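Input: a single structure, listed below in structure tokens.
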Amino acid sequence: MTLIKSISGIRGTIGGEVGDSLSPLDIVKFTSSYSKFIRSKNHSSNTIIIGRDARVSGEMVSNIVSGTLIGCGFDVLDIGLSTTPTVEVAVQLHESAGGIIITASHNPKQWNALKLLNNKGEFLSAQNGEEVLKVAESEDFSFSEVNDLGKYTFDDSYNDKHIEEVLNLSLVDVDLVKSAGFRVVVDAVNSTGGFMVPRLLERMGVECIKLYCEPNGEFPHNPEPLAENLTEISKLVVEENADLGIVVDPDVDRLALVCEDGSMFGEEYTLVTVSDFVLSKTPGNTVSNLSSTRALRDITNNHKCNYESSAVGEVNVVEKMKATNAIIGGEGNGGIIYPELHYGRDALVGIALFLTQLAEKKISIKELRDFYPNYFISKNKIELTSEINIDNILSTLEEKYKNEQITTIDGLKIDFEDGWIHLRKSNTEPIIRIYAESEGEEKANSFAQKMINEIKELI
């Protein structure tokens, strides 16, 4: 059993001992601590919005969260089966005090989690997350008396409101997409993308072939949208002579694309291609995290705009986007953040913008992919003993490569002319994660192996 407490929320496996899993008592404790944090902000609204993905445990967790919030004196607006970006948009539209998304994102079915939002519909900052964790540790809770209990309301109309907001974006051209007559296969891993993505596509006049779109929480394969988990949709796209395949994770904040020949567009390139389209219409700054592909920097420079990198994590990307007034950003895991709608990763926004781009260019998705650089990211790790000082290793390597472009906001990133290496230490284990990117898989792996050998020499 596992329980992970972090500044962005709490996640864990269902079933097991209190304090060692996402048990009902742990759900109450962390919901109560979040409630106390939100109450301290003195918002004019007394409503907290909740929504969940289709996990088997979702209804149980949602009921506990809802009851706890009501016991803390908050009104609950439950938008039901939904997506992470939909809850974020709902908090904005309703101008509520906060929101809780009940989802463990791409984790397997035995996991669930509470993702915590502020009154802007954005994930809590590191500082605010620490406040919530401190309250949880102190267990200093006080609950409302009977006349001060909150009220419960159910309203699942925000799913359609979210889709409407996406379709109303200035760069989304519904008529153009309709005229293209696209035929698309959708794999939503039997979660809420199973009705949200087809609903969006229907509004855009796109024929939708459904694969694993029953929102029952029974994930038919590993729910992380990586190439090794997408063999079935790859085959089906070819068999159905579809124009492309669309894959989302269980809470629909990550988007992966499949080309018409069954090959992967590459989750790193979801953000790249959508950003290319956005910049061609509205030039501006872009942001991605340090472990995302250099291709975003390249296409941003091609548009004569400025690219910045952030520490890994959606909160960090959003913070850097705001600081640089970026018009689009995100992460290389297929997460697109488009502030014209909201500051959160949103696969529905990505789908609508991508289909508009494809319809405008009048080329196949494979031809579009071939337009971009053929970078490859090699992902590795070294397991060390607890006695080894990882910080000393990173400092030694920083000194060794001081004549290269160095970034230390999140571990150590070294930029070379023909690629980069990013070293990050785990916060929970004696591990160094090693990400290396260059043109082609062989060169990226060679980059990574060279650094692995150098680290071993320092041990």
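Please treat every number below as a calculation from the coordinates, not as lab data. Note that the structure is predicted; figures quoted are calculated from it, not measured. Glycine also receives a Cβ, built like all others from the backbone with ideal geometry; neighbour counts cover every protein chain displayed.
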Worksheet item: With the contact rule set at Cα under 8 Å and sequence spacing of 6 or more, what percent relative contact order holds for the chain?
Response: 12 percent
Item to complete: Measure out, as a whole number of angstrom, how far apart the alpha-carbon centroids of the stretch 181-242 and the stretch 146-175 sit.
Response: 23 Å
Worksheet item: Using alpha-carbon pairs under 8 Å, 6+ residues apart, how would you state the relative contact order of the stretch 3-156 in percent?
Response: 33 percent
Fill in: For the stretch 222-234, 3J(HN,Hα) per residue [Karplus equation, 6.51 cos²θ - 1.76 cosθ + 1.60, θ = phi - 60°, Hz, x = Gly/Pro]
3, x, 6, x, 9, 3, 5, 9, 10, 5, 5, 5, 4
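Given contacts defined as C-alpha pairs under 8 Å and at least six residues apart, what's the relative contact order of the stretch 159-373, whole-number percent? Write down the numbers at each step before the final one.
Working: 461 pairs, mean separation 42.6, N = 215.
Taking the mean separation of contacting Cα pairs over the length of the stretch 159-373, I get 20 percent.
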Fill in: Where N is the number of residues in the stretch 375-458, Cα Rg divided by 2.2 N^0.38 Å
1.03
Worksheet entry | lysines whose Cα lies under 27 Å from that of K304, excluding same-chain neighbours fewer than 8 positions away | K281, K320, K322, K361, K362, K366, K413
Worksheet entry | Per-q log10 I(q)/I(0), the stretch 159-373, q = 0.15, 0.17, 0.18 Å⁻¹ (Debye; single scatterer per alpha-carbon; no solvent) | -0.90, -1.17, -1.32
Practice prompt. Calculate, axis by axis, the spread of Cα positions in the chain along the three principal axes, and write the results as whole Å, longest axis first.
Written response: 66, 62, 39
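Determine, from the Cβ-Cβ distance of D370 and S6 and an R0 of 35 Å, the FRET efficiency 1/(1 + (r/R0)^6), rounded to the nearest 0.05.
0.35
Mind running the shape call on the stretch 75-222? Use the C-alpha gyration tensor, a ≥ b ≥ c as the square roots of the eigenvalues: rounded below 1.5 for a/c, prolate if a/b tops b/c, oblate otherwise. Kindly include the intermediate steps, with their values, before the conclusion.
On the way: a/c = 2.32, a/b = 1.76, b/c = 1.31.
Here the stretch 75-222 falls in the prolate category.
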Worksheet item: What is the extension gain from T396 to D140, computed as 0.36 nm multiplied by their sequence separation minus the C-alpha to C-alpha distance, in nm to one decimal?
Response: 87.7 nm
Worksheet item: Per the Kirkwood treatment, what hydrodynamic radius in Å, one decimal, follows for the stretch 3-156 from the mean inverse distance over all distinct Cα pairs?
Response: 15.0 Å
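Highest mean first, what order results for 87-99, 380-392, 257-269, 199-211 on Cβ atoms within 10 Å? Intermediate values should be presented prior to the final figure.
Working: 87-99: 23.8, 380-392: 11.8, 257-269: 21.1, 199-211: 18.6.
The most tightly packed comes first, giving 87-99, 257-269, 199-211, 380-392.
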Worksheet, complete the sentence: Once both label points are put 7 Å beyond Cα along the C-beta direction, the E95-E239 separation in nm becomes 5.2 nm
Worksheet entry | Highest to lowest packing among 241-252, 293-304, scored as the average C-beta count within 10 Å | 241-252, 293-304
Discussion item. Just to verify a number: FRET efficiency for K304 and I409, C-beta to C-beta distance, R0 = 22 Å, to 0.05?
Written reply: 0.30
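Students often check this: by mean Cβ neighbours within 10 Å, which of 65-73, 396-404 ranks highest, and how do the rest follow? Each step should come with its number before you reach the end.
Details: 65-73: 20.8, 396-404: 12.9.
Per-residue mean Cβ counts within 10 Å order the peptides as 65-73, 396-404.
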Worksheet item: With θ set to phi - 60° and the Karplus curve 6.51 cos²θ - 1.76 cosθ + 1.60, what are the ³J(HN,Hα) couplings of the stretch 43-60 in order, to the nearest whole Hz, using x for Gly and Pro?
Response: 6, 5, 7, 10, 10, 10, 8, 10, x, 9, 7, 8, 4, 4, 7, x, 5, 4
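Test of the criteria: in the stretch 101-140, which GluC sites (Glu not before Pro) are in a DSSP loop and have at most 15 other Cβ atoms within 10 angstrom of their Cβ?
Hits after loop and neighbour filter: E139.
For the stretch 102-195, which chymotrypsin sites (Phe, Trp or Tyr not before Pro) are in a loop by DSSP, counting at most 15 other Cβ atoms within 10 Å?
Numbers: sites: W111, F123, F141, F143, Y152, F154, Y158, F182, F195; in loops: F141, F143, F182.
In loop regions of the stretch 102-195 (DSSP not H, G, I, E or B), the sparsely surrounded chymotrypsin sites (Phe, Trp or Tyr not before Pro) are F143.
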Worksheet item: Counting only pairs 8 or more places apart or on different chains, how many lysine pairs in the stretch 3-156 have C-alpha atoms closer than 25 Å?
Response: 25
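Pull up the DSSP beta bridges for the stretch 3-156 and report the antiparallel fraction as a percent, rounded to 5. Mind dumping the intermediate values first?
On the way: 14 of 27 bridges.
Of all bridge pairs located within the stretch 3-156, approximately 50 percent are antiparallel.
Run through the stretch 90-186 and list the trypsin sites (Lys or Arg not before Pro) located in a DSSP loop whose Cβ has at most 12 other Cβ atoms within 10 Å. Display every interim value, and only then the final one.
Numbers: sites: K109, K115, K120, K134, K151, K161, K178, R183; in loops: K109, K120, K151.
Counting only loop positions with at most 12 other Cβ atoms within 10 Å, the trypsin sites (Lys or Arg not before Pro) in the stretch 90-186 are K151.
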Fill in: Electrostatic dipole magnitude of the stretch 159-373 [Cβ: Lys, Arg +1; Asp, Glu -1; Cα centre; debye, to 20]
680 debye
